[in-house]
Amino acid sequence: MHPLCTELQAVVTSNVAPIQKAFDVYQSACFTTRPPEFFCLELCGEAGELANLEKKLWKGADISMDRVSDEAADVFISLMNYANARGIDLASAVTDKLSRIVASK
Ligand SMILES: [Mg+2]
């Protein structure tokens with residue numbers, strides 16, 4: 001495995017789990033419990049909003065990077081909420097996926 005991939009996996013392992021856990025704690029304390037299907041649809045909706053801005057940028061529209069950043073944040077937040085609602089360990093899933101990507105190259 002490439003040493004940079006090994007380093008990436010170590011960073012993911014050390015940092016993603018506490019971020020995901022903090023989102024779970026916050027979501028549980030401050031918002032209504034929702035099923036994973038809700039968050040999956042929310043994630044798709046937010047990704048669509050981001051894609052729509054990128055489409056407009058591609059066509060030459062004047063879109064502020066604040067709006068793009070805001071939608072990227074929505075995608076990140078909804079992914080965290082989806083993974084928590086579905087019981088997915090994102091750190092483990094990402095490191096496993098990186099290993100499979102490297103193996104397939
Ligand atoms: Mg949004």
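The values are calculated or read from the model by the stated rules, or taken from the named source; none is laboratory data. Note that this is a predicted model, so its numbers are computed, not measured. Counting neighbours? That spans all protein chains shown, and the Cβs are built from the backbone with ideal geometry, glycine included.
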Identify all residues within the range 32-69 that are loosely packed, with under 14 Cβ neighbours inside 10 Å, hydrophobic (A, V, I, L, M, F, W, C) and over 22 Å from LEU90 (Cα atoms); write none if there are none. ALA51, TRP58, ALA61, MET65
For the range 55-67, which positions are more than 14 Å from the ligand (Cβ to nearest atom) and either part of a helix (DSSP H, G or I) or within 18 Å of the chain's Cα centre (by Cα) (or both)? LYS55, LYS56, LEU57, TRP58, MET65
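Which ones in the range 33-49 are more than 10 Å from the ligand (Cβ to nearest atom) and either over 13 Å from the mean Cα position of the chain (by Cα) or among the charged types (D, E, K, R) (or both)? Show your work before the answer.
Of the range 33-49, the ones more than 10 Å from the ligand (Cβ to nearest atom) are 33-41, 43-44.
Within the range 33-49, THR33, ARG34, PRO35, PRO36, GLU37, PHE38, LEU41 meet the criteria.
Among ASN84, ASN52, which is the only one that is part of a helix (DSSP H, G or I) and either at pLDDT below 95 or within 16 Å of the ligand (Cβ to nearest atom) (or both)?
Numbers: ASN84 fails: either at pLDDT below 95 or within 16 Å of the ligand (Cβ to nearest atom) (or both).
None of the other options fit; the residue is ASN52.
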List pairs: first residue in the range 57-79 and in contact (Cβ under 8 Å) with a residue 40 or more places away in the chain and closer than 28 Å to PHE38 by Cβ, second residue of a type in the set (Phe, Trp, Tyr) and in a helix (DSSP H, G or I) anywhere in the structure, Cβ distance under 8 angstrom, at least six positions apart or on different chains. ILE77/PHE23
Within the range 23-31, can one find any residue that is within 13 Å of the ligand (Cβ to nearest atom), among the charged types (D, E, K, R) and surrounded by 14 or more Cβ atoms within 10 Å (Cβ to Cβ)? no
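Residue by residue through the range 70-88, note down the ones that are surrounded by 12 or more Cβ atoms within 10 Å (Cβ to Cβ) and over 13 Å from the mean Cα position of the chain (by Cα).
Pass one, the range 70-88, residues surrounded by 12 or more Cβ atoms within 10 Å (Cβ to Cβ): 70-86, 88.
Matches in the range 70-88: ASP70, ALA85, ARG86.
If you scan the range 87-98, which residues turn out to be in a helix (DSSP H, G or I) and either of a type in the set (Gly, Ala, Ser) or free of Cβ contacts under 8 Å to residues at least 12 places away in the same chain (or both)? Give the steps one after another, and end with the answer.
Let us first name the residues in the range 87-98 that are in a helix (DSSP H, G or I), namely 90-98.
ALA91, SER92, ALA93, ASP96, LYS97, listed by residue number.
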